[in-house]
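Presented below is the structure to which this report refers.
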Amino acid sequence: MKAAVHTRYGPPGVVRIAEVERPTPAVNEVLVKVHATTVNRTDCGFRAAHPWIVRFFSGLARPKATILGCEFAGEIEAVGHDVTAFEIGERVFGFSEDRFGAHAEYLTMPRDGPIATIPPELSFEEAAPSTEGSHYALSAITRARIRAGRRVLVNGGTGAIGSAAIQLLKELGAVVTAVADTEHLELVRGLGADRVIDRTVEDFTRDDRTYDVVLDAVGKSSFARCRRLLEPRGIYLSADLGPVSQNPFLALVTPLLRGKKVMFPVPKHDQEMVQHLKGLIEAGSFKPVIDRRFRLDEIADAYRYVETGQKIGNVVIMVDQDGG
Ligand SMILES: NC(=O)c1ccc[n+]([C@@H]2O[C@H](COP(=O)([O-])OP(=O)(O)OC[C@H]3O[C@@H](n4cnc5c(N)ncnc54)[C@H](OP(=O)(O)O)[C@@H]3O)[C@@H](O)[C@H]2O)c1
């Protein structure tokens, strides 16, 4: 089968298209023929081993997973002997961050892993980008116990995490202020934001309102700068470690002080998570935002684009050019 392979850490050019052996499903696994996948910030982090801490998961000297790709949408091609939950020909989507492998024509998934059938009205292209940014957003929202009426500011409302976060927050009934570039203000309004701040005109950390939660979905701020925006027991969440990797440390220390605090949740990815997102898609509460599409043999260009830090929502890779 055709796959995007990298055997050392480095820039997008380390990824090449190669013929590799098609995986065989174990007794408790399914084989998925991949129609669409994505290049996202998780793939970029694992390809470049950036930040350095990634190497503890991805392999200290060289990558353990030589085929990246954590989001996928495709069809069940074969099932292991013990699999009854999925049938050959079913359309499925999911998240394979534990072993990656979606930047290829086929991947295997455990039957009880983060995989679910695709809602009938959704194409492979729309289903593929449903899990990466959204699972970070979901983990943050769940951990902070955000509920109806809570005032939440989302910085980076147009990224994969931010665009999912706005939709998931609105579904819960939160009151959302989103920060975005001038040309993306309509997009974030369309996702449900009640109020918008144009980051090219205004520094959101100088806003005169206060919030129960500040979610920095692009990790461009810090707790120190956002502290003044928070209610006395407000919560700061960030998608990044912070400029000096301070956020995990602050998440341990600030809760002891009983005031404003930092949370740095470890995202959960299991079948329940994918089923939950599927339910939101079916209810019309969540629709992943898609920016550009690339073919599998253009994947290095897709990485370069994602690494500009300016993508809108998600970048999809059409593995077989069949988006339906
Ligand atoms: N290492 C990992 O494994 C990993 C995995 C996932 C995510 N992350 C981190 O999570 C963060 C978000 O990921 P993502 O995929 O959601 O991001 P993304 O999609 O790449 O975010 C892009 C968006 O960020 C906004 N943006 C760019 N510069 C900004 C700035 N200075 N201030 C505010 N917004 C800005 C832009 O929107 P506007 O121009 O409209 O503002 C752009 O649409 C990233 O920092 C990433 O490093 C890390």
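I'd like to know how the stretch 35-116 sits against the 2.2 N^0.38 Å rule of thumb: what's its Cα Rg over that expected value?
Against the compact-globule rule of thumb, the ratio is 1.18.
Charges only on Cβ, +1 for Lys and Arg, -1 for Asp and Glu: so what's the dipole of the stretch 70-171 about the Cα centre, in debye to the nearest 20?
On the way: 9 positive and 15 negative charges, 207 e Å.
Charge dipole, the stretch 70-171, about its Cα centre: 1000 debye, nearest 20.
Please report the accessible area of Asp194 (heavy atoms, 1.4 Å probe, ligands and nucleic acids excluded) in Å², nearest 10.
Taking all protein chains as shown, Asp194 has close to 90 Å².
Could you pull out which residues in the stretch 49-78 have an amide N less than 17 Å from a spot 7 Å beyond the Cα of Leu241, following the Cα-Cβ vector?
49-62
Using a 1.4 angstrom probe, figure out how much accessible area the stretch 1-147 has per residue, in square angstrom, rounded to the nearest whole.
On a per-residue basis, the stretch 1-147 sits at 43 Å².
With the radius of gyration and the Kirkwood radius both derived from the Cα set of the stretch 229-324, what is their ratio Rg to Rh?
My calculation of the ratio gives 1.09.
For the stretch 202-217, what does the Karplus curve 6.51 cos²θ - 1.76 cosθ + 1.60, with θ = phi - 60°, yield as ³J(HN,Hα) per residue in whole Hz, taken in order and with x for Gly and Pro?
9, 7, 4, 6, 9, 4, 8, 9, 10, 9, 6, 9, 10, 10, 8, 6
In debye to the nearest 20, how big a dipole does the stretch 185-289 give about its Cα centre with +1 on each Lys and Arg Cβ and -1 on each Asp and Glu Cβ? Can you show the working numbers first?
Values: 16 positive and 14 negative charges, 75 e Å.
Roughly 360 debye for the stretch 185-289.
With springs connecting C-alpha atoms under 10 Å apart, model the chain as a Gaussian network and identify which of Leu107, Leu277, Leu257 has the largest mean-square fluctuation.
Evaluated over the chain, the most mobile residue of the options is Leu257.
Using the alpha carbon gyration tensor of the stretch 108-195, what are the three equivalent-ellipsoid semi-axes (square root of 5 times each eigenvalue), largest first, in whole Å?
Semi-axes from the Cα gyration tensor: 25, 16, 11 Å.
Determine the shape class of the stretch 76-129: with a ≥ b ≥ c the square roots of the Cα gyration tensor eigenvalues, call it rounded for a/c under 1.5, and otherwise prolate if a/b is greater than b/c, oblate otherwise.
oblate
For Val262, which sequence-distant residues (separation of 5 or more, or a different chain) have an amide H within less than 5 Å of its own amide H, given hydrogens modelled in the peptide plane?
Tyr236, Thr254
Taking the highest mean first, how do the peptides 58-66, 144-152 order by number of other beta carbon atoms within 10 angstrom per residue?
Highest mean packing first, the order is 144-152, 58-66.
Given the rule -39500 (n - 2.57) for each run of at least 4 DSSP H residues, summed and divided by the residues of the chain, what is its mean residue ellipticity at 222 nm, to the nearest 500 deg cm²/dmol?
Dividing the helical sum by the residues of the chain leaves -6500 deg cm²/dmol.
First select every other residue whose beta carbon is under 11 angstrom from the beta carbon of Gly80; then total the charges, Lys and Arg +1, Asp and Glu -1. Walk me through the intermediate numbers first.
Working: positive: Arg111; negative: Glu29, Asp82.
Summing Lys/Arg as +1 and Asp/Glu as -1 gives -1.
Using a probe of 1.4 angstrom, how much of the accessible area of the chain is carbon and sulfur, in percent?
Roughly 50 percent of what the probe reaches on the chain is carbon or sulfur.
From zero outward in steps of 5 Å, how is the percent of C-alpha pairs of the stretch 17-77 spread across the bins?
Final binned percentages: 4, 15, 20, 22, 18, 15, 6, 0.
What dipole magnitude, in Debye to the nearest 20, does the chain give about its Cα centre under +1 on Lys/Arg Cβ and -1 on Asp/Glu Cβ?
1640
Plugging the Kirkwood radius over Cα pairs into Stokes-Einstein for the stretch 158-212, at a temperature of 20 °C and a viscosity of 1.002 mPa s, what D comes out in µm²/s?
Details: Rh = 11.4 Å.
Rounded to a whole number, D works out at 188 µm²/s.
Using the Cβ atoms and a cut-off under 9 Å, what net charge is assigned to the surroundings of Ala178, where Lys and Arg are +1 and Asp and Glu are -1?
Local charge sum for Ala178: +1.
May I ask which residue of Ala193, Ala26, Met263 lies farthest towards the positive end of the charge dipole of the chain, with charges of +1 (Lys, Arg) and -1 (Asp, Glu) on Cβ and the Cα centre as origin?
Of Ala193, Ala26, Met263, it is Met263.
Which FRET efficiency value, to the nearest 0.05, is calculated for Glu298 and Arg233 with the Förster distance at 45 angstrom and r the Cβ-Cβ distance?
0.40
Tell me, what is a quarter of the convex hull surface for the C-alpha atoms of the stretch 133-286, in nm² with one decimal? Show your work: numbers first, answer last.
On the way: hull surface 34.3 nm².
Its average projected convex-hull area is 8.6 nm².
Where both partners of a DSSP beta bridge lie in the chain, what percent of those bridges are antiparallel, to the nearest 5? Can you show the working numbers first?
Details: 30 of 55 bridges.
Once the DSSP bridges in the chain are tallied, antiparallel ones form about 55 percent.
Around Arg225, with a cut-off of 11 angstrom between Cβ atoms, what is the net charge of the other residues, counting Lys and Arg +1 and Asp and Glu -1?
Taking every other residue near Arg225 into account, the sum is +2.
Kirkwood Rh over Cα pairs of the chain into Stokes-Einstein at 25 °C, 0.890 mPa s: D in µm²/s?
Working: Rh = 20.1 Å.
Using the Kirkwood radius from Cα pairs, D works out to 122 µm²/s.
Top to bottom by accessible area (1.4 Å), largest first, where do Ile88, Ile290 land?
Working: Ile88 120, Ile290 40 Å².
From most accessible down to least: Ile88, Ile290.
Say the dipole of the stretch 37-154 comes from +1 at the beta carbon of Lys and Arg and -1 at that of Asp and Glu; which of Val154, Gly45, Leu138 then lies farthest toward its positive end?
The listed residue farthest towards the positive side: Val154.
The values are calculated or read from the model by the stated rules, or taken from the named source; none is laboratory data. For clarity, every value in this text was computed on a predicted model and none was experimentally measured. Because the Cβ atoms are built from the backbone with ideal geometry, glycine has one as well, and the counts that use them run over all protein chains shown. The area values use the complete protein model at the heavy-atom level, side chains included, leaving out ligands, DNA and RNA. Shrake-Rupley method; radii C 1.70, N 1.55, O 1.52, S 1.80 Å.
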